[in-house]
Amino acid sequence: QVQLVESGGGLVQAGGSLRLSCAASGSIFRLLAMRWFRQAPGKQRELVATISSGASTNYADSVKGRFTISRDNAKNTVYLQMNSLKPEDTAVYYCNAAVFPNSWGQGTQVTVSS
């Protein structure tokens, strides 16, 4: 298993930006594909972005062109840069290692006001 700690959420106006961070434990981080999910109130958790161990990325259509996932293996950290935020981006954001699908951090709240 891997321990995950998300941070960087907050309250921002529509059109603003936030950068989320997810710090992971362990020595195998560089080998892990990492993912960012989000869960809005009353909705299912949805996949937002993925980054492979080789830094290939994929995005949900709803965030493509606005969000950027990246990783720093030296810091065991994955990031989610979120630009041009919309009220519909409001959710709790979680990171996850694909190989440990049931291992979750506490999440970080992102609230976008209109």
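Å³ per residue of the Cα convex hull, for the range 55-97?
Roughly 87 Å³ of hull volume per residue.
So for the chain, what are the equivalent ellipsoid semi-axes in whole Å, largest first, each being the square root of 5 times an eigenvalue of the Cα gyration tensor?
Working through the eigenvalues yields semi-axes of 23, 14, 12 Å.
To the nearest 20 Debye, how big is the dipole of the chain about its Cα centre, given +1 on the beta carbon of each Lys and Arg and -1 on that of each Asp and Glu?
Once rounded to the nearest 20, the dipole reads 120 debye.
Among Leu11, Gly54, Gly42, whose Cα projects farthest towards the positive end of the dipole of the chain, with charges put on the beta-carbon of Lys, Arg (+1) and Asp, Glu (-1)?
Gly54
List, in order, the whole-Hz ³J(HN,Hα) value for each residue of the range 45-59 obtained from phi through the Karplus relation with A = 6.51, B = -1.76, C = 1.60 and θ = phi - 60°; use x for Gly and Pro.
5, 10, 6, 9, 7, 10, 9, 7, 4, x, 6, 6, 10, 9, 9
Of the residues Leu85, Leu31, Leu20, which exhibits the maximal mean-square fluctuation in a Gaussian network model of the chain defined by a 10 Å Cα contact cut-off?
Top of the fluctuation ranking is Leu31.
Springs between alpha-carbon atoms under 10 Å, Gaussian network over the chain: tell me which of Ser27, Ser52, Ser103 tops the mean-square fluctuations.
Ser27
Readers should treat all values here as calculations from the given coordinates under stated rules, not as data from a laboratory. For clarity, every value in this text was computed on a predicted model and none was experimentally measured. Note that each Cβ is placed from the backbone with ideal geometry, even for glycine, and that neighbours are counted across all protein chains shown.
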